[in-house]
Structure formats: C-alpha cells, structure tokens
C-alpha cells in the first residue's frame, strides 16, 4: 500500500517537474515560428534554406526581415541588397504582394544569375508558407518590369524547385 | 344625351389617363449599342420607371426567356445569371438573392413587361438614362488606371484589354482628350496623374459606353497625335514630346540637351544683331537651365516656343563679331552640339536633269526648304562665301524653270531653284579630292506602288525615284499600316494601287511640310503581323503583311547585347560596365557572322537603352531565325564564376540544341568553369518566337573574370565561341 502511494506521489512530482521544464518551450512554440529562409550558395548555383525562429506576431514581415539580414552560415551568401526595406505585405487568396523600397533595385548587383537568386530567394521563402502560392514583387507601390534587366516581374511568380539545393 | 355623353367623356379622358396604371409614352427612346430599339421594346412609363416587353429585350441582350404558367413566373437567363419575376409580385430574384422593385412583372395584352433598368443591369449591361432617353451598352473593357511613366515623359492608360481609342483634337494646347469606347471604369480605378500641375477629368459619354479622359495642364501639353499615341499590349501609351533641359557653354562648345530624342534642327543666320537661329522641331519649352559664362562666341541666348503646330522650339544665339558656329553631329540623340567653324567657299554649281550639285572646301550642312507662290526650292548654306558661282544657270526639263545664286548676307550663300510645281527633294554628300561635293535631287516621288497578294502574305512595294528615309507604323481601330516617307510631296494625281489581299484601301496624305513627310496609309481587312523587308533608307520600300499564322520565317540572326544607355547592367569591382562588354562582344559576333555570309540584325549597335519588350518585338517582327542575347553575369558572392546559358522552359528542342552548341564552343575556347544550361523564364528568351539563348559569358562580379572581360583578346574568344556555336547549330538544322 505504502509503495503504491509513494509511486503516485513520485509520478505527480515528475509530472510537475516535466511541466516546469517544458513550459517555456511550449510557450515559445506558441509565440515563435520556425521558418525556412532561402539564401544563395557561395558559387551562386543554388538556393539553400537556413532555418530560423521568428516571432509569430507579424510572421511574414519578420521572415522577410530575417531574409534581408542575410545568412548566418558562411557557406551561403546574401540575396537581397543592403539598404532594402519592406514597405508593405499583403496576402490575399494565395497571392502575396510584397512592396520593397527602391534600394532593392538600386543596390542590386545585376546579372541573370544574381537576379534569379534574389527573386527566387524571396519567392521560395514566402511560398514555403502553406497559404501562399504566388508572389508579386512591387517597389514603392509600383509594379516593376524587371529588377536587373532579365526577369519580367509584372506577373506573380511561383516557387522555383530547380534552384533549391536539398539539405545534406 | 349624346352631348352630355361627349362632355363626360372629355372630362373622363384625362382622368382616365392619370389613373391608368400603365401609360403608353411617346417619348421614351431606347438605344442599344447606338441602335434605336424603342419600337421593338414598346416602352411603358410606370411611376418613373420604364417597363419593356421582356421577349424583345431578351432578344437584343442575347438572353433566353421562359414562362412557367403554373407559377405565373418569367425566367430570363444569360450566361450564369438567372432572373425570375412573378406576376403580381414586386420582387425580382437574381440567382439566389431577391429584392423589391417599384414594379415587377406586369402583363399587357398577353405579353410580359419587365423593369428595364434592373433586368439590363443584372444581366451585366450599362444602363444610362438622360431624361426619357435610355442607353444600354455592353462594356468590354475595364480601365484600371492612368499614371505617369518614365519620369513624366509618358502617360499609361491601363486596361484589361485594348479598347478602341482616339485622341480628340482640341484648340486648347493645355488640354488633351482621349476617348475610349466600350469601356467602364474599374471599381478600383486609380488616377495617378492628378497633381498640382495636372488634373484628370473623366466624362461619361452616355450614348455609348464611352469614356473621355481629359487631361488638363498648367503648361501646354507636349503631345502630338501622330507620334505620341502607341499601343502597349493591352494598354495605351501617350508619349509626350521631349522638353528642353539645359543649354550649357563649355570648352568652346555649346550643348543643348533635352529629356528625349532630338530631331535635326534648322539653322539660319540673321544680321543686326548678328544671330544664329536654331529651330528644333518637336521640342517643347520647359524650365531649362542656362549656363553661359563669358566667352568669345556667344553674347546671349534666348529660347521660345516658336510654334505649336508644328511644334518648334526656337533658340536664338546672339553671336559676337567674327564668330561662326555650326552644328556638329552628335552621337547621343538627346544632345545638340554647336562648335566654332570656318568659313567655306561654295563653287561649281551645276544642274543636270533634275539633279543639282555644287562643291565646298569644308563639309557643310545645307538648309533646304520649299516655298510657295511661286513654287521654289531654297538652299541656304551658312558660314559660306560665294566662290565661282554663276549668278544664273540655264536649265532644261519640265520641273526646273531656273536657278539663281547669291551671297544672301555676309555669311550665307543662297541658291534658289524656281520650280514649275511643288516637289520633294533629297540631298547627299560625297568627299572628293579637293573638298566636298553636294548633290540635291529634286522630285523624289513615287515611281510606282504595287500590292501583291500571296498565300502567306500581302506584299506592299513602294518604289521611289531615289532613296529616302521612312518609318513604318501600325495603328488600330481600324487596323492600318502607315508609311511615313521623308522628302516626299504628295500630289493630288498620285497613282494609288487598287486594294488587294489584306489591304482594304490605300490613301496618301502630306503629314507635314516642314520637314516634308508624305504618308501612305494602307487600311487592312485584318492584321496579324508585318515585317519590313527593305533597308532604311532605300529606293524601294517593301513591307510584308502576314496572313494568319507565322510563315516559314527569315534567315536573320538577331543578336541582342544586353542593357545599354542609362542601364549599365552589372558593374565589376573595378568599374567595368556590363553594357560595354555586351556590345563589344556582340559586335564582334556580328562581324564574324557577316564575314561568313550570314544575315545579322542587332537590337542595338550603340549605347542606347531598349526595353525588354522592344528587344523581343524587334526579333519577332523580323521573324528571325534565331535570337542570341549576350550578357555578362553577376552575383553578390565574389566567388561565383563561369559561363552560363539560359533557355526558356517552354521552348522547343531547338533552343536547347543552340545553347548546347554554343556551350560546347565555350568549353573548348573560352575555358571557364561550365555552369551549364539553365531553364528559366527570362523575358527575352521567353517572349521571342524563335529558338533563343541568353549567354552569360563570365562573371563581372569576380575580379579575375572582370579582368578577362576587360581584355580584347578574351572578348574575341567569346565572340568566336558564340559565332561558331551559331554556325554549327545552323548546320545541324539545315
């Protein structure tokens, strides 16, 4: 009898300890989200994802702001020019309209490869959210014909799987 | 009794009229797409609403009616919309909603009458009422917005489909009215042009679904209908004329710049005070900057809008004693340069047949124009002295009556040709052992014009007496091709060909007198595509109008050097610009291919900016055999390197073969890291209708490769690889 009581007590104590230990984790998973950010490989051949945690409040903006900051791993390189700022994000019926400031164009380094990596790092990162299928990029409220003179950006874009290098 | 009966009836008639539920009205007029249909609809005015016979309304609106007598219900359906009305009920049901109307379905003489406004509107038609006149229309296009582009040089009207359009002439140069037919404003229509200086007013023209966009400006609007209106896909583009930006005097040269392409100015010298006048056609006045430091040539400069029709900007330079200025050909189209010049001597004036010639010590630019009453041609040569020139020379022939020459003033020689009738002209320059020979050819007119209809195309051939510059333009509503030919005078008795094939009618008009431009307009039965087959300038202008689907295509290789003009493309760590590399390699490729006997066209062969769309259009219009766009690559990472080849994912195997042939040559000759063939939707390779490849030669962002791209030897290697690849590809497909 005594043993049984002790066992129950032990279980109760353990449950409390478990709750105490994992509570911050549970709380954090409620307020923070894990997102995949796509950056360029150093040889500019592919996009590869880096996982980061961002606050759930303002999820899309936080995600893009992390993307603008650039990668943490030295084997990856940034895809969005310095000085670029998010102005507005609007998600509607699977289409994300992302409005950036002029720096996205002005500070861009050019090249077909450079342009593709920039655009699809944004598109692939955003379409990783289940509710987003298409991305339209605008600059200071205006649709743009092109970013660096190769891609046509007046139409929404969808994910580019071919550019993605899978995690090893 | 009968008299009383009459009185009573007279009293009762108006009473009857007022109390009758439904009154026949004589005044309600109903128009559908411009056509009056009042009689068929038999409109009845009922408490201010108009009721019409349902069956006939449905017929016009292409709707279907059915009557369910058990329910006394009428159903009108069109497409997905179903409207139900029940006799005696004032509710109208549209699909799954219903609402109350003043008067629902009523029966008159066994026919059902329905409220016109509700039924027409619910079926998707525009209903507009003016007094007792009703206009029904079906808008086909929504206007999404209107906004500025290119820093205020263009206005874009965005539509979901190109609507019939026209620009209405106004007497007010501060106002521009654009009319669009069969359109409605989108619910989220954006007016992006109204500001302190501009004001947009949208008027609805009720007798059709027509909108008038009136743009009012504080200043005269620099717009000219014939050259300012352009279709841009579904949108309409209004190009404004360039405006003067700056006048600067620097290093002994005077430069006039504008925010757009400048046309050739006319110059003439006037005396007391001695001044040089520059009339620049198609240029508008604006707040320009003047920088005129103290100098030996020019005392003062004044600028005015000399005329609005045609548009001419006049720059008057007050010259100092003994200074002579002359126009210099300028490489950049937005600048006119004037520099000091020498006095030349004009001599040896001759006339043979309808050709006039003279020689000069130094190169000059004659100012040639025609005058009327009596008809004559005047050649003014500035900064010139009359050398060995006979005062009058005798002539033969039907056109020229006589030729006189004179020292018009201290610095201008004038040659006057007295003519029997008005004529076109053309001049050319030739360098000789002792100076320069100038030939002025009179009467450049149409020799013949032939329309020939074939299986795939209708061909237009316009033969001229001598070679002329021209422009071919496509207009819509109705579809037509206009050919503007320089130096051509359109006379009344022009022998125009009978319409044939795709050409419905031909007409000719004098587009402008100064400069002399004649326009031939070919109105078309239908339009698919056209290509210009002649050179420019050329003696025979040949245009092929394609019938339906694409034909076999030409043998032209289109090379497209990426970027250019204000768009430098990528820039290397030490400052090398991509546009320079692209152009040089492309020119080298062109030279190699031409040497091998291939036909090559370039999207650009100098440092000018072209939009992606313009590049694609050029290749498609030429119906090119293949298209190769030449670029230098870049990325953020300095480590990226190598040559890369892009093709569009949807394109045929030919694009892949072409890319692979070029790539193999790169591996053999250029020998950089091979990044392989990538399939991506880059605009130029996607939009061109022929096999197309975009070559990224090497990475400018990589210092080592930038140094290579800087060297002539490497550029030559790359050009060799590209041209060899093209030649091998062509060998395979033949």
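From the P(r) of region B:23-137, can you give the percent of Cα pairs sitting at distances over 23 Å? So the portion of pairs separated by more than 23 Å is 20 percent.
For chain B, the Kirkwood radius over C-alpha pairs fed into Stokes-Einstein at 10 °C and 1.306 mPa s yields D = 50 µm² per second. Rounded to the nearest 10 degrees, the angle from helix A:59-69 to the longest Cα principal axis of chain A is 60 degrees. Taking the empirical scaling 2.2 N^0.38 Å for compact globular proteins as reference, region A:11-123 has a Cα radius of gyration ratio of 1.37.
Grab the Cα-Cα distance for residue B:392 and residue B:504, subtract it from 0.36 nm times how many residues apart they are, and report the gain in nm with one decimal.
Here the answer is 35.4 nm.
Quantify how strongly other chains surround peptide B:355-362 by giving the mean number of their Cβ atoms within 10 Å of each of its Cβ atoms.
For peptide B:355-362, the averaged partner shielding equals 0.
Both the radius of gyration and Dmax for region B:100-212 are 18.4, 65 Å, in that order, over alpha-carbon atoms. Distance distribution note for region B:59-123: the fraction of Cα pairs above 19 angstrom is 21%.
Taking every Cα-Cα distance in region B:344-442 and sorting them into 10 Å bins starting at zero, the pair-distance distribution P(r) comes out as 16, 54, 28, 2 percent. Normalised by residue number, the volume inside the convex hull of the Cα atoms of region B:556-733 is 100 Å³ per residue. Counting only DSSP beta bridges whose two residues both lie in region A:57-168, roughly 60 percent are antiparallel. Net length available on complete extension from residue B:710 to residue B:138 is 199.9 nm, with 0.36 nm assigned per residue and the Cα-Cα distance removed. Put one equal scatterer on each alpha carbon of region B:244-340, apply the Debye formula with no solvent term, and list log10 I(q)/I(0) at q = 0.16 1/Å to two decimals. Listed by q, the Debye log ratios stand at -0.61. Taken over the C-alpha atoms, region B:243-291 has Rg and Dmax values of 11.8, 34 angstrom. Each Cα pair under 8 Å and six or more residues apart adds its sequence gap; the mean of these over the residue count of region B:446-546 is a relative contact order of 32 percent. Modelled label positions at residue B:170 and residue B:427, each set 7 Å beyond Cα in the direction of Cβ, lie 4.0 nm from each other. For region B:446-546, the extents of the C-alpha atoms along the principal axes are 37, 26, 22 Å, listed from largest to smallest. At each listed q (0.06 Å⁻¹), what is the log10 of I(q)/I(0) that the Debye formula gives for the protein assembly as shown modelled as equal alpha-carbon point scatterers? So the normalised log intensities work out to -0.62. As a rough guide to protection, the peptides B:411-417, B:709-715, A:109-115, A:79-85 ranked by mean Cβ packing within 10 Å, highest first, stand as A:109-115, B:411-417, A:79-85, B:709-715. Counting Cβ atoms of other protein chains within 10 Å of each Cβ in B:639-650 and taking the mean gives 3. For region B:24-76, the equivalent ellipsoid derived from the Cα gyration tensor has semi-axes of 22, 15, 7 Å, listed largest first. At q = 0.17 Å⁻¹, what log₁₀ I(q)/I(0) does a Debye calculation on the Cα points of region B:140-192 give, no solvent, two decimals? Reported log10 I(q)/I(0), two decimals: -0.60.
Values quoted throughout were computed directly from the atomic coordinates according to the rules given, and no laboratory measurement underlies them. None of the values given here were measured: they were computed from a predicted structure. Virtual Cβ from ideal backbone geometry, glycine too; neighbours counted across all protein chains shown.
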